[in-house]
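**Student:** After the structure tokens below, expect a handful of questions from me.
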Amino acid sequence: MVIILLGPPGVGKGTQGALLVEAFGWERIATGDLLRSARRDGSELGSKAQSYMDAGNLVPDELIVALVRDHLQKLASDQGVIFDGFPRTLAQAEALDGVLADVGRKVDAVVLLEAPADVLVKRLSGRWSCPQCQEVYNIHFDPPVTEGICDECGARLTQRKDDLPDTVRHRLGVYRDQTRPLVEHYEEASAPVIRIEGDRKLEHVSRAIRRSLVKQLGVGA
Ligand code: AMP
């Protein structure tokens, strides 16, 4: 199975992707996580990506496509894959179609998660995380016991530069203009697009996704 999790920043792709990995044993390829880890490692890719990410802009397609191709090559040819945060442009989608076709695979389904913009802004601008153990909090919905301190390891929490309110609004605009149109690309390619309302409790969202995948693709949980 090759599944794409599509949706605006803050809609919960990361959380839902991790739950799908648990349920189905798929491999999750999350380009945002890979880029942040490249930055932490101080790699060339990380330093090239930094200014784009901090401003809430997309990292150039050629860097992203090379990163994904690299990861895909390491996987067994029948390994289920879930893409989270990729593709984000038509050029990336077309490149992915080509990479998959080379190994006799295709996109099996797109899971489109959506939620109103005001909900997304509140979720993202309230997000703080631990630079040490990567635990994520939300000051509105899921705050740490002591303000600004990680419950798990006691480190001081930090906010991603791209989660500052103005940058969040910019990222939502980038999504609307460059990424949301991919829905038509996949509809034209006859990949089923499964629409899921993301503004609900995470377990309801995850159940809805799993049910749709089982029903539409016959994947076993
Ligand atoms: P995310 O964690 O998925 O919200 O990604 C954080 C940032 O990483 C984005 O705002 C972009 O700057 C960059 N990024 C992640 N995935 C991609 C992608 N597929 N194409 C371009 N830039 C990306």
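We did not get these values from a lab; they are worked out from the coordinates using the rules stated. Given the structure is predicted, the values throughout are model-derived calculations rather than measurements. Heads up, the Cβs are rebuilt from the backbone with ideal geometry, glycines too, and the neighbour counts pull from every protein chain shown.
**Student:** Please identify every one of the chymotrypsin sites (Phe, Trp or Tyr not before Pro) in region 101-172 that sits in a loop by DSSP and has no more than 12 other beta carbons within 10 Å of its own beta carbon.
**Tutor:** On the way: sites: Trp128, Tyr137, Phe141; in loops: Phe141.
Passing both the DSSP loop test and the Cβ count: Phe141.
**Student:** If you keep only loop residues by DSSP, which trypsin sites (Lys or Arg not before Pro) in region 145-221 have at most 14 other Cβ atoms within 10 Å of their Cβ? The partial results should precede the final answer.
**Tutor:** Details: sites: Arg156, Arg160, Lys161, Arg169, Arg171, Arg176, Arg195, Arg200, Lys201, Arg207, Arg210, Arg211, Lys215; in loops: Arg160, Arg200, Lys201.
Those satisfying the criteria are Arg200, Lys201.
**Student:** Let me ask you something else. For the chain, what is the number of Lys pairs with C-alpha distance below 27 angstrom, counting only pairs 8 or more positions apart or on separate chains?
**Tutor:** So the count of such lysine pairs works out to 15.
**Student:** Now for a separate question. Could you state the number of Å between the C-alpha centres of region 60-124 and region 157-182?
**Tutor:** If we compute the Cα centre of each part, the gap is 18 Å.
**Student:** Where does each of His71, His140 land when they are ranked from fewest to most other beta-carbon atoms within 10 angstrom?
**Tutor:** Numbers: His71 16, His140 11.
If I rank by nearby Cβ atoms, fewest first, I get His140, His71.
**Student:** Set the Förster radius R0 to 35 Å, insert the Cβ-Cβ distance between Ile149 and Gln50 as r into 1/(1 + (r/R0)^6), and round the FRET efficiency to 0.05. Kindly include the intermediate steps, with their values, before the conclusion.
**Tutor:** Numbers: r = 27 Å, r/R0 = 0.76.
Given R0 = 35 Å and the Cβ-Cβ separation, E is 0.85.
**Student:** Here is a follow-up. Among Val214, Val2, Val110, rank each residue by its count of other Cβ atoms within 10 Å, from fewest to most, as a rough exposure measure. If you can, show how the numbers build up before the last one.
**Tutor:** Details: Val214 14, Val2 18, Val110 23.
Least to most surrounded, the residues fall as Val214, Val2, Val110.
**Student:** Would you kindly give the portion of the calculated P(r) for region 1-79 that falls above 19 Å, as a percent of all Cα pairs?
**Tutor:** In whole percent, the share of Cα-Cα pairs in region 1-79 beyond 19 Å is 43.
**Student:** Between Glu135 and Glu197, what is 0.36 nm times their sequence separation minus the Cα-Cα distance? Round to one decimal in nm. Let's see the in-between values first.
**Tutor:** Working: separation 62, 0.36 × 62 = 22.32 nm, distance 2.51 nm.
Gain on extension, Glu135 to Glu197, equals 19.8 nm.
**Student:** Go ahead and set up a Gaussian network model of the chain, Cα springs under 10 Å, then flag whichever of Val21, Val103, Val11 fluctuates most.
**Tutor:** Val103
**Student:** Per the helix-only calculation at 222 nm, which mean residue ellipticity applies to the chain, given -39500 (n - 2.57) for every DSSP H run of n ≥ 4 and division by its residues, nearest 500 deg cm²/dmol?
**Tutor:** So the calculated ellipticity at 222 nm is -14000 deg cm²/dmol.
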